[in-house]
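The values are calculated or read from the model by the stated rules, or taken from the named source; none is laboratory data. Just so it is clear, the model here is predicted, and its values are computed rather than measured. Methodologically, a virtual Cβ is constructed for each residue, glycine included, from the backbone with ideal geometry; neighbour enumeration extends over all protein chains shown. Keep in mind that these areas ignore ligands, DNA and RNA; they rest on the heavy atoms of the full protein, side chains included. Shrake-Rupley method; radii C 1.70, N 1.55, O 1.52, S 1.80 Å.
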Amino acid sequence: MSKLDGLAFGGTGLAAWSAATLFYAAFGGGLLESAFWFYALNAFAAAATVTFAFQAVARLTHTPRRRRLFPMILFSTPGLVAGALVVSRYAEVMPTGDPVSVGRYGAFLAVTYVAVAASIFERAPHKV
């Protein structure tokens, strides 16, 4: 993997985390947390979108399926570090948010990054 590929994975990962966090900041407290099923549906939709971003970069950089562990780590690290900082300073970052929302935001990110990690075990389609 080249340095440019590493920057593509890391930059896209940071952009994906930023988009997910801005989405949660905008709609988390009032809309997403209003009903469990709506929250769960949006968490899985965000996970699918972020996983799609990872898979798109993997395919655009021609990263073989068997060599996607390190790119997945490069993709996820910026979001995990930044997400941990947001969780630790949630009241300062999102002052209008409910204190209970910190756990819900953490779960939102956990679902997202578990989906990205699980996607590296995707098998190649069988050709008929």
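Where does helix 3-27 land angle-wise versus the long Cα axis of the chain, in degrees 0 to 90, nearest 10?
Once rounded, the angle reads 30 degrees.
Residue by residue through the stretch 90-107, which ³J(HN,Hα) values in whole Hz follow from phi under the Karplus form 6.51 cos²θ - 1.76 cosθ + 1.60 (θ = phi - 60°), with glycine and proline marked x?
4, 5, 7, 6, 10, x, 8, x, 6, x, 5, 5, 4, x, 5, 5, x, 5
Label the stretch 27-89 by shape, choosing from rounded, prolate and oblate, from the square roots a ≥ b ≥ c of the eigenvalues of the Cα gyration tensor; if a/c is under 1.5 it is rounded, and otherwise prolate applies when a/b is larger than b/c, oblate when it is not.
Details: a/c = 3.64, a/b = 1.72, b/c = 2.12.
Note, shape of the stretch 27-89 comes out oblate.
Report, in degrees rounded to the nearest 10, the 0 to 90 angle that the Cα long axis of helix 69-88 makes with the longest principal axis of the chain.
In the chain, helix 69-88 runs at an angle near 10 degrees to the longest axis.
So which residue, out of 38, 23, 54, gets the largest mean-square fluctuation from a GNM of the chain using Cα contacts under 10 Å as springs?
Greatest mean-square fluctuation among the candidates belongs to 38.
Give me the accessible area of residue 93, 1.4 Å probe, in Å² rounded to the nearest 10.
Taking all protein chains as shown, residue 93 has close to 80 Å².
Of 18, 53, 105, which is farthest towards the positive pole of the chain's charge dipole, taken about the Cα centre with +1 and -1 on the beta-carbons of Lys, Arg and Asp, Glu respectively?
Of the listed residues, the answer is 53.
When the chain is modelled as a GNM with alpha-carbon springs shorter than 10 Å, which of 111, 81, 100 fluctuates the most?
Comparing 111, 81, 100 in a Gaussian network model of the chain, the most mobile one is 100.
Apply the a/c threshold of 1.5 to the C-alpha gyration tensor of the stretch 68-128 and tell me whether it is rounded, prolate or oblate.
Prolate shape, in that a/c is at least 1.5 and a/b is the bigger ratio.
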